[in-house]
Amino acid sequence: MRLRPTAFAIPMLAAALSACAGLDTRLPDISAPDLAAETDYQETEALRRIESDASVLLNSGWPILTANTGLCPRIRAAIGVKTHSLKSYPKRLRSAAKRVLGADETSRIFHIADGSPAALAGFKRGDVILNDANEPAKLNGDSWDTVLADNTVNIRRAGKSMALKVEPTTACDYNLQLSHSTAINAYADGRNITITSGMMEFTQSDSELALIIGHELAHNTMGHVRKSIVNYILSFGGTRYTRPFESEADYVGLYYMVRAGYSPEGVEDFWQRLAKASPKGINRAKTHPTFPDRYLRIRAARDEISKKETTGAPLRPNFISGSEPSGS
């Protein structure tokens, strides 16, 4: 009779598990109610942090997206809100998001930018945007073109339907979103601008966060994602061909933040502080320039902007003829 391998595998596995090393101490007991209570507390704190970060990100990014439409090749009508639903959160936090933030399967307004058309029109957190069939609308990113009719948006609030008059403004058509990651990072993909929770915690001022948002917006407006892919393929994987785009995004992004009303004074210090957190970036240049290089170039760009402000020259990057992105 021929025996199958599983006939031996199960006893061998059991023997291996029984031979695993054990503890040499008796750990103190914890009660199930205490564990449940602490889990509840930590989930609540995590969701409150996400809530705060999402609000700060919207309020910081809204002026940048609306002040630079003339330099954005993609523009849209916008009213200044962010929506959320249970799907906006990692699966492990969805029950807590429902309990703490009131999230459910329906997309609802989560945050409203200060001074935005939505804030002036009286939109409130928890409002559900409705389509022509009086059903929850499926919005494409942050675009409101599909639900704006004669500057009126139909909503459902506390079970009641109503119409709000709103005067939308024009914004760069790139979705600003938060990534629930501890990594100090931000990135653009041609359609979105993503900032991590780790980056939100690392930045120390509105201007520093604006610097990062402006940088990522510049990647999108200058077509860097597409250009980087082309260069990577043509150079058979050469990463050094992406570095100039990072420097250009620093340069153009600084203009974007200043045009939005942020002060550039001292923002280059971000790179000195990041060098302390990640020293390898001081001398290592792979896909990105070194931190000293970025520090000095941002400082030089800041001086260039300051001179233009003094002389009354237009606050526009020094584009090479024919390469300037344009919007409205």
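Assuming a ≥ b ≥ c are the square roots of the Cα gyration tensor eigenvalues, decide whether the range 43-172 counts as rounded (a/c under 1.5), prolate (otherwise, with a/b larger than b/c) or oblate.
Details: a/c = 1.94, a/b = 1.24, b/c = 1.57.
Cα axes put the range 43-172 in the oblate bin.
The order of 203, 196, 152, going from fewest to most other C-beta atoms within 10 Å of their C-beta, is 152, 196, 203. In terms of surrounding Cβ atoms within a 10 Å radius of their Cβ, 60, 181 rank from fewest to most as 181, 60.
For residue 127, nonlocal amide neighbours, meaning residues 5 or more places apart or on other chains whose placed amide H falls under 5 Å from its own, are 109. Extension gain, residue 38 to residue 286, is 85.0 nm, computed as 0.36 nm per intervening residue step minus the present C-alpha separation. Karplus-based coupling profile of the range 314-320, in residue order and whole Hz: x, 7, 10, x, 7, 6, 5, with θ = phi - 60° in 6.51 cos²θ - 1.76 cosθ + 1.60 and x standing for Gly or Pro. Computed from Cα atoms, the angle from the helix 206-221 axis to the main principal axis of the chain rounds to 80 degrees.
Below 8 Å, C-alpha to C-alpha, sequence gap of six or more: please give me the relative contact order for the chain in percent. Let's see the in-between values first.
Values: 488 pairs, mean separation 53.7, N = 328.
Relative contact order for the chain comes out at 16 percent.
A dipole drawn for the range 198-311 from +1 and -1 charges on Cβ atoms has a positive end, and of 247, 270, 210 the residue lying farthest that way is 247. Of all the options 306, 179, 197, the one that moves most in a Gaussian network model of the chain with Cα springs shorter than 10 angstrom is 306. In the chain, the longest principal axis of the Cα atoms and the axis of helix 224-234 are about 70 degrees apart.
Rounded to a whole number, what is D in µm²/s for the range 185-285 from Stokes-Einstein with the Kirkwood radius over alpha-carbon pairs (37 °C, 0.692 mPa s)?
Working: Rh = 14.3 Å.
Estimated via Stokes-Einstein, D reaches 229 µm²/s.
Summarising the label geometry, the points placed 7 Å from Cα in the beta-carbon direction at residue 278 and residue 311 lie 3.6 nm from one another.
Within the range 242-287, all pairs of alpha-carbon atoms sorted by distance into 10 Å bins from zero give the percentages 23, 45, 29, 2. In terms of surrounding Cβ atoms within a 10 Å radius of their Cβ, 276, 227 rank from fewest to most as 276, 227. Hey, which lysines would be in cross-link range of residue 165, C-alpha to C-alpha under 22 Å, not counting anything within fewer than 8 residues on its own chain? By straight Cα distance, residue 165 reaches 82, 124, 138.
Quickly estimate the mean residue ellipticity at 222 nm for the chain, helices only: each DSSP H run with n ≥ 4 gives -39500 (n - 2.57), and the total goes over all residues, rounded to 500.
Calculated from helices alone, the mean residue ellipticity at 222 nm is -14000 deg cm²/dmol.
Coordinate-derived values only; no laboratory data. These numbers come from a predicted model, not from an experiment. Glycine gets a Cβ as well: all are built from the backbone with ideal geometry, and neighbour counts include every protein chain shown.
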